[in-house]
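Reading through the structure tokens given below for one structure.
Values quoted throughout were computed directly from the atomic coordinates according to the rules given, and no laboratory measurement underlies them. All values derive from a computational prediction rather than experimental measurement. Virtual Cβ from ideal backbone geometry, glycine too; neighbours counted across all protein chains shown.
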Amino acid sequence: MAVTRRQFMKVSAAGLAASSVGALGFTGAGDALAAGVRPFKLERATETRNACPYCAVACGVLIYSLGDKSKNAKSSIIHVEGDPDHPVNRGTLCARGAASLGYIHSANRLKYPMHRKPGTDKFERVSWDFALDRITKLMKEDRDKNFIAKNRDGVTVNRWLSTGFFGGSSLSNEAGYLTYKFVRATGILGFEDQARI
Amino acid sequence: MTNSWNDIKNTDLVLIMGGNAAEAHPCGFKWVTEAKANNGAKLIVVDPRFTRSAAVADVYAPIRPGTDIAFLSGVMRYLLANNKIHQEYVKAYTNASYIVKEGFAFNDGLFTGFDAGRKAYVDRSSWDYELDDQGMAKVDETLQNPRCAINLLKAHVERYTPEMVERITGTPKAKFLQICEMMATTSVPDRTMTSMYALGWTQHTTGAQNIRSMAMIQLLLGNMGMPGGGVNALRGHSNVQGITDLALLSTSTPGYLVLPTDRETTYADYMKSRAFKPLRPGQTSFWQNYEKFFVSQQKSFFGAAATKDNDWAYDYLPKFDTSYDVLKMVDMMAAGQMNGLFCQGLNIMLASPDKNKVVTGLAKLKWMVVIDPLETETARFWENHGEFNNVDPKSIQTEVIQLPASAYAEEEGSATNSSRVIMWHWKAADGPGESKSDIEIVSELHLRLRALYAKDGGAFPDPIAKLTWNYTRPHNPDPAEVLKEMNGYALEDLPDPADPSKVLLRAGQLLPTFGLMRADGKTAGGIWIYTGVYTEAGNMAMRRDAADPTGLGIHPNWGFSWPANRRVLYNRASADPDGKPWSERKKYVWWNGSRWTGGDVPDYAPTIAPDKAVGPFIMNQEGTARLFARAAMPDGPFPEHYEPMDAYIANPLHPKVSTNPVVRVFAADAKSFGTPDKFPLVATSYRLAEHFHYWTKNVHDNAVLQPELFVEIGERLAKAKGIQNGDWIEVSSQRGAIKAKACVTKRIRPIMVDGKPCDVVGLPIHYGFIGFARKAHPMNILTPSVGDASVNTPEYKAFLVDVKKTTPPAQPAVA
Amino acid sequence: MSENNVVSRYTTAARINHWITAVSLILLALSGMALFHPSLYFLTNLFGGGQMTRAVHPWIGVVLFFSFLGLFFRFFTLNLWNRDDTVWMKNLGAVINDREEGLPELGKYNAGQKLVFWGQSILILLLFGSGLVLWDVYFEAFTSIDQKRLSAVVHALCAIGAILIWIVHVYAAIWVKGTLRAMTRGSVTRGWSWKHHRKWFRQEVGKP
Amino acid sequence: MATLQSLDIRRRSASNEAPPQIRQNAMEVAKLIDVSKCIGCKACQAACLEWNDLKQEIGYTDGTYNNPTDLTPASWTVMRFTEYEHGDDLEWLIRKDGCMHCDDPGCLKACPAPGAIVQYTNGIVDFVSENCIGCGYCVKGCPFNVPRISKVDRKAYKCTLCSDRVSVGQAPACAKACPTQAIYFGSKQDMIVHAEHRITDLKSRGFKNAGLYNPPGVGGTHVMYVLHHADKPSLYAGLPDDPKISPMVGLWKGILKPISLAAIAFAGVFGFLHYITKGPNEVSEADQRKGDELAGGKHS
């Protein structure tokens, strides 16, 4: 085309002006130039510094939650994004970290202690007290029965082999340390985490 | 990681081999792209598949899974043959010049001392140096003695010619040599290479030796302790480093101390084998301090109950006869030798190899406790999910208790990343429903168990009854209080040894450094390497000063990097023996005439002058790094290529000893290995950028980004089998079979191995029958239950399979 | 045939059919123009806003298409071209100036009406076809974006054509007095018939 | 950064109203997508879904890494993976697809609903859902095949360049998340300068045709690519080599509009003039008589 875009627009504009006589007065100048940008949703959300739960880059994350932690506002997490101050990730996140809000609010999060009786095909909700008492009872039964104080050579070994403990690798150090103390004190040797696998 | 994520930006060459950083650690991989963009660095990727790391690499080379040692030994041969090593560094900082005992030899795939009956190197006495009458290792500074470690190494790797490398690994010779040349460019003092690896190296029967091979290359090139250098393990879980440090491992205690074995019948025996004396004059041999760390730890655990008289409660610790690692426990479960099991955030049903064996084992348990923030396959192993988990709940008598744990966002505490940096995180909201933090759950279990023993007595209750749990809120201790205990504190006033009239630390004060730990019971500290994280100055893990004064990515006031806030390990080696930086460009830590200085905390006693000739590798008895590993590895002082247990070919180097001779194979698994006549394809498992292990199939958006299990196969294989993109195919191994959709790709090309084309099959691990992603057969149905000879990490990365076209799986009636 | 002084021209069914078509066409023109030119966007208010206008326009189009199809089959034989039409067309100037005396006697439709008929037939067919291509709610998947772009141009051009023809059609009905009642009451006067469609009138008279 | 926050309107779909022309110096922003640094990790996709509260349906794999397989009303950006084999070499070209924020946006040109598409002075082209009528004309106007119409609410959706974030001085969610700085965000000028550095680096690594994709056919874009093969954009999953607003759309949304209205007006005016000059065409007495005669001599 010989006409440039600009010229073309001028021509169009002229034609338009000429042809829109009948429409004058109807073009709603009132709503004309307002355009709604979606409001920035974090404006006054509470920001909490945390670390991504997935890989061992352990990127810094900012967790935004509803409410200002005042007495009558229940915090609920609405957004997660990278912590720009964190020297390693510098605000970036990968596909897992960037979607971790979906982990926090996953419909598959566990909410209540559940109990599956032998031979049944379902979990039933139980109280924490029931669950914890039941577990410690089962532990004690097995430990008292199968604890090995001395090996065949008469050496004190104080070990318990018939119960094992697979620990998480996404626990905090403090949770890990307490787990270590709790488990080792019982004499369990079958004690592992994700590090080896 | 010996170095840090940020330090990668200082490098000139990145080798990603045995890992796939771009997909598994995208935000850490950022520092590779930074090095490329701002430092002119080149990126080499060696991988069986053309991965997303390879997509941005300067050079990509394919390799047959499980042959990394052949490749790396070939590199060592190239470097030594072409004299592309950092001579002065190798001579001063490694055991290159140490003279190895006459008895040591390597013949037909076996080192000396092999006991064929026990399948172990029972007698490793020859794997050591000639010692002089002082008990010091003999050396030949001229390197002329043929028994010098470096000369033995030369002889050992001589067999790994480029032709042999190509024959074993399938890497085309030209590509291999190109990579050798690129790596060789970093043997000069002002250039470094970094190695980034992950499970691609560890998950082999030769896993530890894979990494050792790389460490040796880095030593030959003079890249250890250097900015932009090192051997960097890119670890998997957010706090797997911390949990490893804390020894949630069968035979360890926190801080890389070791539990006693039942051969160490007394505390004295135990200590005797820990106190590593220097093997060269004047060396630090830092493990000489072992007892200080051990006693402080016992004081932390058992408080007043650990006394000198009861050998610091030595008998409160269980003694091990063998490693009760994951594979061993699964084997015991399957053999009906276990009654109870806890799974705290570990989905063992998918995470352990040979899923069918795992399920058999779980079904034989009397009870299982699952503590997790999410639904897992493990918690529901008894539930029928059609062909994805075809079990009969009625026949499974395992009692299961599932406890809801809160997640990271819902609790505060510290975690240690792959760079060993301990960082604090804060709580943003409560967890859902009645979920509780792991701290609270574990505390409740301990206190209730303790109460039961207090009430009823029972088997050896002492360690439970005496365990320190004197927290302000015992049922839900404050993490800060726990971190203080881990850091350690003085139990009594500590006098200054230089001036007894002065007190270094008052009773109750937090230890600023593990240097103050004592073996006399006057200090407590749960994990010595963390000492300094919480001092009288406050919680160092909370520090958030992102400043980087040197511009080298050290960030010294961000969190706390163990040990002693050191960011690059062995950094004394960044300076020459005279204490001057090897080059201005790679200046990191140096001697300023009176002390060691630089941007980082020196990995060295700060005031020992260079002329004292104390080696930089202070944790070793020699003060130098080991090209020859002595008896530290169960499968040899030098790495050697052995075929994976599912062996694709007979080992061309020594067909009679084709696979690693000292691998532990359980009797139950003896017949579980595949052979190439039935399973002619080499498979490897891997992770995808879109998913994290087995968690994110429970996250909607991640399920959107990779919704369904697929299997990657090359075009040649697809054509031969009549498979189109998106077809359902069956992948089978000696252990079982799965169905998955075919992803036919140009990114896997057949490679020539031992004269014939070898097709590789890629299997992502992330899918199961729980979650929002499409239900799938757990991929670990296929993997062999056998582990690395050193640490028993399962061989997920190299096994044999076959593929064929099939029909879609039947979807279970109930979703 | 006729009773009293008028001549029956359209049956009730034909008239209903016509008016459905007419109303549809007007609504289509209004809604179409509303979406065609920003100055006329205010017309969307007649249909309950932009979304509604966009939604109902194609449905009205469907009504129009089938309604017009009825008209087409009803009248297409009467609109076949003949020699007289050619003569009439050659004297269009005389027609416009209301000097039809010298022209041949006409059947039910003059050449102008026939052109309106065939013009609208072709344009409505094209509008319907291109409209389907643009009707993304149901037919998005069947055509490429380039085909949709072409259809948009065709649709717009045809619509303008159809509107212009419609203007001629309506103006003719207004200008030629006595025409309108053919479509309102179904009959025309004898004088009108004599003047405008004498041949048809003769046929009507000749019917038993 | 104040100018980045200015979201004054430069253009508005289907509007005769001229936007304010006084503020001319607003900083134009741009997102630079460096394909040579992209690892296809889909962090941008995840960040986009999360930030914009989009709930994309979970699909199936089609045997590629493309998931979702195409842009949808709830997936405003997707990675497109292309295995490009040449000789013995293989490249895995990974392109983040999504709205290019054209300087001369075809969608805006095609849109019939006033204010449903706006272009801010900073260059962002944004869909204003409340004004959208779901006609799909934007789809036809777009040279990059980007907008998608929701089956739920029949409104058009695409990348907003996170106009909500940019309006408060933040980078778009995808750019912030991108682990490797393959997505970079800033002023368009800065992005062009940065691209030049990247191109120099790529050329030093043997990509002699490396270049910037900022196609002039649409007046340049506010989402630009650094390509290793800028001579062949179509290698990257069909990125148009020389995108332009289709001439069809130009015709339809350009000259046709005034001409059509003029033609209609002309027809109306002509009829009116004809009527007032010629008067109505009426049946004369004589005609009436002759008609009656023909009908049988009856009188009215």
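Things to note:
- Cα convex hull, the range B:100-259: 198 Å³ per residue, rounded to a whole number.
- Table column - 3J(HN,Hα) (Hz), the range B:633-642, Karplus curve with 6.51, -1.76, 1.60, x for Gly and Pro: 10, x, 10, x, x, 10, x, 9, 6, 10
- Mean Cβ count within 10 Å, highest first, over the residues of peptides B:395-402, B:784-791, B:698-705, B:108-115: B:698-705, B:784-791, B:395-402, B:108-115
- Note on chain C: GNM, Cα springs under 10 Å; of C:Ser187, C:Ser67, C:Ser39, the largest mean-square fluctuation is that of C:Ser39.
- Each peptide in B:85-91, A:65-71, B:490-496, B:777-783 receives the mean, over its residues, of other Cβ atoms within 10 Å, and ordering these scores from highest gives B:777-783, B:85-91, B:490-496, A:65-71.
- Taking only the C-alpha atoms of the protein assembly as shown, Rg followed by Dmax gives 40.7, 153 Å.
- The distance separating the Cα centre of the range B:381-431 from that of the range B:333-377 comes to 13 Å.
- In percent, rounded to a whole number, the relative contact order of chain C is 30, using alpha-carbon pairs under 8 Å and six or more apart.
- Neighbour-count ranking [beta-carbon atoms within 10 angstrom, fewest first] of D:Met191, D:Met27: D:Met27, D:Met191
- Cβ crowding within 10 Å, taken as a proxy for footprinting-reagent exposure, orders B:Glu23, D:Glu196 from fewest neighbours to most as D:Glu196, B:Glu23.
- Inter-label distance for B:Ser501 and B:Ala451, nm, one decimal - labels placed 7 Å from Cα along Cα-to-Cβ: 5.5 nm
- Calculated FRET efficiency for the pair A:Ala107/A:Asp68, C-beta based, R₀ 41 Å, to 0.05: 0.90
- Overall, the anisotropy analysis places the range B:192-235 in the oblate class: the square-rooted eigenvalues a ≥ b ≥ c of its C-alpha gyration tensor yield a/c not less than 1.5, with a/b not exceeding b/c.
- Contact order for chain B, expressed relative to its length and based on alpha carbon pairs under 8 Å spaced 6+ residues apart, stands at 17 percent.
- In chain D, the alpha-carbon atoms span a convex hull of 231 Å³ per residue.
- Partner chain coverage, peptide C:53-66 - average Cβ within 10 angstrom: 1
- DSSP beta bridges confined to the protein assembly as shown are antiparallel in about 65 percent of cases.
- For chain B, a Kirkwood radius taken over Cα pairs fed into Stokes-Einstein (25 °C, viscosity 0.890 mPa s) yields D = 88 µm²/s.
- Legend: P(r) of the range B:655-805 from all alpha carbon pair distances, 10 Å bins from 0, whole percents, reading 11, 38, 34, 16, 2, 0.
- Over chain C, dividing the summed -39,500 (n - 2.57) contributions of all DSSP H runs of at least 4 residues by the number of residues returns a 222 nm mean residue ellipticity of -22500 deg cm²/dmol.
- Principal axis analysis of the Cα atoms in the range C:131-184 yields extents of 50, 19, 9 Å, listed in decreasing size.
- Cross-link pairs B:Lys277/B:Lys586; B:Lys357/B:Lys678; A:Lys111/B:Lys394; B:Lys84/B:Lys797; B:Lys678/B:Lys797; B:Lys119/B:Lys671 - those with Cα-Cα distance over 23 Å: B:Lys277/B:Lys586; A:Lys111/B:Lys394; B:Lys84/B:Lys797
- Full-extension gain in nm, B:Lys612 to B:Ala737, via 0.36 nm per residue minus C-alpha separation: 38.8 nm
- Other protein chain C-beta atoms within 10 Å of residue C-beta, averaged over D:130-143: 5.
- Antiparallel DSSP beta bridges within the range B:688-774, percent to nearest 5: 70 percent
- Cut-off 16 Å, label 7 Å out along Cα→Cβ of C:Glu105, residues of the range C:181-197 by amide N: C:190-197
- Phi-based couplings in Hz for the range B:417-433 (Karplus 6.51, -1.76, 1.60; Gly and Pro marked x): 7, 5, 7, 6, 8, 8, 10, 8, 10, 10, 7, 9, 6, 6, x, x, x
- Taking a Cβ cut-off of under 13 Å around B:Leu153, the surrounding Lys, Arg, Asp and Glu residues balance to a net charge of +4, with basic ones at +1 and acidic ones at -1.
- Counting Lys and Arg as +1 and Asp and Glu as -1 over every other residue whose Cβ lies under 13 Å from the Cβ of B:Gln509, the net charge comes to 0.
- Computed 3J(HN,Hα) for the range B:261-273, one whole-Hz value per residue from the Karplus formula 6.51 cos²θ - 1.76 cosθ + 1.60 where θ = phi - 60°, is 9, 7, 7, 8, 5, 10, 4, 5, 4, 4, 5, 4, 7, glycine and proline marked x.
- Packing-based ranking, highest mean first, of C:40-47, C:98-105, C:15-22 given that Cβ atoms within 10 Å are counted: C:40-47, C:15-22, C:98-105
- Value at 222 nm in deg cm²/dmol, rounded to 500, when DSSP H runs of n ≥ 4 in chain B each add -39,500 (n - 2.57): -6000 deg cm²/dmol
- Distance between the range A:161-196 and the range A:127-152 - C-alpha centres, whole angstrom: 16 Å
- Cα-based helix-to-principal-axis angle, D:188-204 vs chain D, degrees rounded to 10: 50 degrees
- As a proxy for reagent exposure, B:Ile150, D:Ile133 were ordered by neighbouring Cβ count within 10 angstrom, fewest first; the result is B:Ile150, D:Ile133.
- Neighbour net charge for B:His475 - beta-carbon separation under 9 angstrom, K R +1, D E -1: -1
- Peptide B:370-380 has a mean of 4 when you count, residue by residue, the C-beta atoms of other protein chains within 10 Å of its C-beta.
- Within the range B:552-571, backbone nitrogen closer than 13 Å to the virtual label 7 Å beyond the Cα of B:Arg544 toward Cβ: B:558-559
- Modelled FRET efficiency - R0 51 Å, B:Gln724 with B:Glu102, Cβ distances, 0.05 increments: 0.25
- Counting only aspartates and glutamates at least 8 places from B:Lys292 when in the same chain, those with an alpha carbon closer than 19 Å to its own are B:Asp245, B:Glu264, B:Asp269, B:Asp309, B:Asp311, B:Asp315, B:Glu485, B:Glu492, B:Asp493, B:Asp496, B:Asp520.
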